[in-house]
Amino acid sequence: LLSEDDLQGSIVETLVRAVVGLGREGEDVSYPRLSEVLVEPSRSLLARIAMEPEPAVSRGEALRCVESIRVRRLRRERDGLQKQMEVESDPARLDELMRRKLDVSRQIDSLS
């Protein structure tokens with residue numbers, strides 16, 4: 001459910017990319033194999049997850065996590081658009097940025 005953009009900059013980005021990469025290559029997606037391909041701090045994150053007494057979560061909890069990651073990405077995007085708007089002098093470009101920011105804000109509202 002997560003897009004490449006959703007993962008960008010998140011704490012789980014490297015870990016998720018490693019899982020997907022191993023899966024695509026037909027390799028075993030296991031703790032030992034992931035530990036081999038990950039570097040710090042992702043390796044420590046994997047160890048913390050593995051040490052959790054109940055790592056499995058409900059589908060609803062997983063979907064809320066996906067939603068939270070997506071909202072964080074959208075907020076970063078909205079903040080970036082705002083920064084661009086603050087320095088933009090071309091009225092047409094400013095109008096485009098404002099529309100995009102409004103669209104992103106609506107997406108955030110629909111997820112919150």
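Points worth noting:
- Among the residues making up region 15-40, a single one is in a helix (DSSP H, G or I), open to solvent by 70 Å² or more (accessible area, probe 1.4 Å), over 21 Å from residue 63 (Cβ atoms) and in contact with a Leu (Cβ under 8 Å, 6 or more places away or on another chain): 31.
- The set of residues in region 50-67 that are surrounded by 12 or more Cβ atoms within 10 Å (Cβ to Cβ) and either within 11 Å of the chain's Cα centre (by Cα) or touching a residue at least 12 places away in the same chain (Cβ under 8 Å) (or both) comprises 63, 65, 66, 67.
- Of all residues in region 1-14 being of a type in the set (A, V, I, L, M, F, W, C) and open to solvent by less than 40 Å² (accessible area, probe 1.4 Å), the one that is nearest to residue 76 (Cα to Cα): 7
- The set of residues in region 70-112 being under 15 Å from residue 8 (Cβ atoms) and not aliphatic (A, V, I, L, M) consists of 70, 72, 73, 75, 76, 77, 78, 79, 80.
- Scanning region 52-64 turns up no residue that is at pLDDT 90 or above and touching a Ser or Thr at 6+ places or on another chain (Cβ under 9 Å).
- Checking each residue in region 85-112 for being part of a helix (DSSP H, G or I), open to solvent by 60 Å² or more (accessible area, probe 1.4 Å) and closer than 19 Å to residue 5 by Cα picks out 100, 102, 103, 106, 107, 109, 110.
The values are calculated or read from the model by the stated rules, or taken from the named source; none is laboratory data. Computed from a predicted model, the values in this text were never measured in an experiment. Cβ sites come from the backbone with ideal geometry, for glycine too, and all protein chains shown count toward neighbours. To get the accessible areas, we keep the full protein, side chains included, count just its heavy atoms, and leave off ligands, DNA and RNA. Shrake-Rupley method; radii C 1.70, N 1.55, O 1.52, S 1.80 Å.
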